[in-house]
Protein chains: 2
Amino acid sequence: MKTFSIGEVAKELNLTAYTLRYYDKEGLMPFIERTASGTRLFKESDISALKIIECLKSSGMPIKEIKNFIDWCSEGDSTLQQRYDMFMERKAIVKAQMAELKKTMEIIEHKCFYYKSALDAGTEDVHKDAKIEIPMPN
Amino acid sequence: MKTFSIGEVAKELNLTAYTLRYYDKEGLMPFIERTASGTRLFKESDISALKIIECLKSSGMPIKEIKNFIDWCSEGDSTLQQRYDMFMERKAIVKAQMAELKKTMEIIEHKCFYYKSALDAGTEDVHKDAKIEIPMPN
DNA sequence: CTAAGCCTTATAGTTAACTCTAGGTCAAGT
DNA sequence: ACTTGACCTAGAGTTAACTATAAGGCTTAG
């Protein structure tokens, strides 16, 4: 079976080797095998697992909680319910993040218009109101 | 004009007074007035400005960059272009974040199905493949 | 007139997630 | 044989964004 070095995996996942060793130290990678001399050997399935870890990370999950999940994976079928619940909870969290980000986007887009028209007029005074801009109720 | 104490503003924005003082120390609030004895007096327009700061923060902008923006605001019309450019850049960044979050959501939803069916079957073995689950190319 | 409950400053501590350094091992190429 | 470069560990350092503490000052209700 083909294996990969820590450097290759780091490049593929846009991480550094430092970061991968840090994850390993934090217990996120109990499944990585080693050569006799201690070098980590990453399999395709390890890279897939790392992608899940990246997914959880980008959903805002802290590393210690990701470790819980990894531990549950090692414990087998008795933890299926926990893992299901965890992903359902993540789903709700990501949904809320999407809503939040949408609101953020709306304000930013409003600001783009605001500065576009100020720029066209040559002065911010076209928006009569306070200097540091009201979020515009309209 | 009605003003608010730091505690009132903190409550309204779901921040702590510590955080607001920290922002002030970092130069994010050069516009806040004080009483003779030094207590901060927040106006409605200050709260609006703080909402913009929160918006930029939730777009992932670090506090030091937000400070640049606040400084530009104080400098007046000569910085309109920078501010416009900044919001256009933010818009692109938030758009990318939304795309990323959507991908994250898709993986998580897939995992919800994965664990639902494993739970129904009573074992993860229904998904014949590796223990730590492949992101499913389908 | 004093105690509660705000507020103030300066400064120290915390936490997460890296990020790097030092000192060493190992395998491949010249 | 020896050098090069990637790997290893342990542990120290960094950064951002808070978060808390200590010591003290105003204001108002009893």
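Spin-label point model (7 Å from Cα, Cβ direction): what's the residue B:81 to residue A:85 distance in nm?
5.8 nm
For label points placed 7 Å from Cα toward Cβ, what is the shortest-first list of nm distances from residue A:24 to its copies?
The projected label point of residue A:24 is separated from its counterparts by 4.9 nm.
With an 8 Å cut-off on Cα pairs and a minimum separation of 6 or more residues, tell me the relative contact order of the range A:1-75 in percent. Please report the intermediate quantities before stating the final value.
On the way: 54 pairs, mean separation 24.6, N = 75.
Relative contact order, the range A:1-75: 33 percent.
Add -39500 (n - 2.57) for each DSSP H run of 4 or more in chain B, then divide by its residues: what number comes out at 222 nm, to the nearest 500 deg cm²/dmol? Can you show the working numbers first?
On the way: 5 runs with 87 residues, N = 138.
So the helix-based figure for chain B works out to -21000 deg cm²/dmol.
Hey, for residue B:89 with labels 7 Å out along Cα-Cβ, what do the inter-copy distances come to in nm, ordered shortest first?
In nanometres, ordered from closest: 3.8.
Which whole-Hz ³J(HN,Hα) couplings does the range B:47-63 yield from phi under the Karplus relation 6.51 cos²θ - 1.76 cosθ + 1.60, θ = phi - 60°, glycine and proline marked x?
5, 4, 4, 4, 5, 5, 4, 5, 5, 5, 4, 6, 8, x, 6, x, 4
For helix A:80-121, what angle does its Cα long axis make with the longest principal axis of chain A, in degrees from 0 to 90 and rounded to 10?
The angle comes out near 30 degrees.
Roughly how many whole Å is it from the C-alpha centroid of the range A:109-130 to that of the range A:52-75?
First find each Cα centre; the distance between them is then 45 Å.
Counting Lys and Arg as +1 and Asp and Glu as -1, what is the net charge of the other residues whose Cβ lies under 13 Å from the Cβ of residue A:17?
Details: positive: A:11, A:21, A:25, A:40; negative: A:8, A:12, A:24.
So the surrounding residues net to +1.
Determine ³J(HN,Hα), in whole Hz, for all residues of the range A:32-42 in sequence, where each value follows from phi through the Karplus function 6.51 cos²θ - 1.76 cosθ + 1.60 and θ = phi - 60°; x replaces Gly and Pro.
6, 8, 10, 6, 4, 8, x, 5, 6, 10, 8
Pairs B:103/B:128; A:128/B:91; A:64/A:102; A:116/B:51; A:91/A:116; B:67/B:111: which exceed 31 Å Cα-Cα? Display every interim value, and only then the final one.
Values: B:103/B:128 24 Å; A:128/B:91 25 Å; A:64/A:102 28 Å; A:116/B:51 21 Å; A:91/A:116 37 Å; B:67/B:111 41 Å.
Long pairs (Cα-Cα over 31 Å): A:91/A:116; B:67/B:111.
Values in this text are rule-based calculations from the coordinates and carry no lab data. Predicted model, so just to flag it, every value in this text is computed and none were measured. All Cβ positions, glycine included, derive from the backbone under ideal geometry; neighbour counts span all protein chains shown.
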